[in-house]
Amino acid sequence: MLVLVAALLLLGVVLGAVAHVPVTVSLVAGVAIGAWLVIFAVRERHRTHGTARR
């Protein structure tokens with residue numbers, strides 16, 4: 001949960017700074033955050049399905 005809060009705070013900083021950085025930096029940051037969220041979702045889904053089968 002603490003990691004999720006930290007990610008949301010980081011997202012807020014990135015969104016606040018998006019007006020002051022080039023578009024490519026904003027896109028890279030967005031892709032990095034999106035990838036982290038996808039990896040997190042896949043790991044959580046895999047973990048919950050693994051425990052349900054036992």
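A few points about this structure:
- Between 0 and 90°, nearest 10: helix 23-53 axis offset from the chain longest Cα axis: 10 degrees
- Extension gain (nm, one decimal) between HIS49 and VAL25, 0.36 nm per residue minus Cα-Cα: 5.0 nm
- Normalised by 2.2 N^0.38 Å, where N counts its residues, the alpha-carbon radius of gyration of the chain equals 1.48.
- For the chain, the longest principal axis of the alpha carbon atoms and the long axis of helix 2-17 meet at an angle near 20°.
Only the coordinates and a few stated rules stand behind these numbers; no lab work does. Bear in mind that the values here come from a model prediction, so they are computed numbers and not experimental data.
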